[in-house]
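Taken together, the values in this text are just the output of simple stated rules run on the coordinates, not laboratory data. From a predicted model like this one, the values you see are computed outputs, not experimental measurements. Please note: Cβ atoms are built from the backbone with ideal geometry, for glycine as well, and neighbour counts cover all protein chains shown.
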Amino acid sequence: MALQTLPSPAIAAAKSEFTGGRGYLASCTVGLPTRATRAAVIAELDAAASGRPDPSAASAAVERSRALFARLVGVESRAVAIGSQVSVAVALVAASLPHGAEVLVADGDFSSVVLPFVHAGRSLRVRAVPLAELAGAVSPSTAMVAFSLVQSATGEVADADAIVAAASVHGARTLCDATQAVGWLPVEASRFDALVCHAYKWLCAPRGVSFLTLSHDLARDVPPLFAGWYAGEDPWSSCYGGAVELAPDVTRFDASPAWQAFVGAAPALALFASLDARALHDHATGLAAAFRRRLGLARPERESAIVTWADPDGAALARLTGAGIVASGRAGRARVAFHVFNDEDDVELAARALGR
């Protein structure tokens, strides 16, 4: 894809919502807060410090965040549960599986996707294969396929079409971690039996805001292991005792929200929900493609906003850091990521830092 010299007006406007961004190529590690997120969190803290905390307003921010995430991934709000960590949501899904069931995962996938199955205490058989072989490895004995849509260590985009099709043929369920995807890659949560996502990376929310979507069929099998007051049909009437009526939909899997994090998340999610997902994808992957060309790296089978290459001694990462560029290194590879606040100048800065 050719690099656009000028972003679309909507992308340019979104870029202006960030005070930083120049030389920041680490959205795959942590996203940058928007101006509105910063203002909302500061205002909430100031109100609390002055003796006027507002739990009702914070709860409203939770529900707005839920609705905005639902819009981003194309489902109804009642199909979305809120929490603070991906691993907790995956553990809930793991608890739905029968003892001894087989779970198929991708080699080297993020630990929060894999470890809840390994340590579920249900004698689950976790089988790992290379991501490119995941669809072909689904068998009649596979109960669930769990994978990241975009791999954290490599930036590789999974062939979701093939994985979902293979799982359907063999009657297996699918769990997709979209943490490294939602925010630059169009995602339809309804394609998967379960989708998990932490919003502190590409959605630029404060850390402590995660989401879980479940199909109707899978939701019936998931036990509400972490049920608390917020899992009640009416949370504010569910604060005491055991005779609490849980919500009749996926919100019964809600964990008590980190209020300040959601106060900051709502304006960030609103920004991304207002953007055309395809335009954002083309902007981010266009920058990444231009950077790959400068480095002479092969084009991936499916375009990604994350670029990684072998860097076993950390020399490339050190050169980037020395040039004032914020990047990251994972699994013996250097890693850069291009997001809405980046442009062609960031490509130039990083390429020159690496002598290209």
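For the chain, the relative contact order comes to 25 percent (Cα pairs under 8 Å, sequence separation of at least 6). Put a plus charge on the Cβ of each Lys and Arg, a minus charge on the Cβ of each Asp and Glu, and nothing anywhere else: the dipole of the chain about its Cα centre is then about 740 debye.
Its convex hull of Cα atoms gives segment 3-158 a direction-averaged projected area, equal to a quarter of the hull surface, of 13.5 nm².
Springs between Cα atoms under 10 Å define the GNM used for the chain, and in it the highest mean-square fluctuation of G286, G20, G264 occurs at G20.
Does segment 217-273 come out rounded, prolate or oblate by the C-alpha gyration tensor, with a ≥ b ≥ c the root eigenvalues, rounded set by a/c under 1.5 and, if not, prolate when a/b is larger than b/c and oblate if not?
Oblate, since a/c reaches 1.5 and b/c is not below a/b.
Each 10 Å bin, from zero up to the one with the longest distance, holds this percent of the alpha carbon pairs of segment 40-114: 15, 29, 30, 18, 8, 1.
Of the complete DSSP H runs in the chain, those spanning 18 angstrom or more by Cα along the long axis with a mean Kyte-Doolittle score not below 0.5 are 35-49, 259-273.
By the gyration tensor of its Cα atoms, with a ≥ b ≥ c the square roots of the eigenvalues, what is the shape of segment 162-261: rounded for a/c under 1.5, prolate for a/b over b/c, or oblate? Because a/c hits 1.5 or more and a/b fails to exceed b/c, segment 162-261 counts as oblate. Sorted on the mean count of surrounding Cβ atoms within 10 Å across their residues, most packed first, peptides 311-323, 162-174 read 162-174, 311-323.
For segment 6-55, the set of trypsin sites (Lys or Arg not before Pro) satisfying both a DSSP loop assignment and a count of at most 16 other C-beta atoms within 10 Å is given as R22. Legend: translational diffusion of the chain by Stokes-Einstein, Rh = Kirkwood radius over C-alpha pairs, 25 °C, 0.890 mPa s; D = 117 µm²/s. Across segment 23-134, the mean sequence separation of Cα contacts (distance under 8 Å, 6 or more residues apart), normalised by length, yields a relative contact order of 18 percent.
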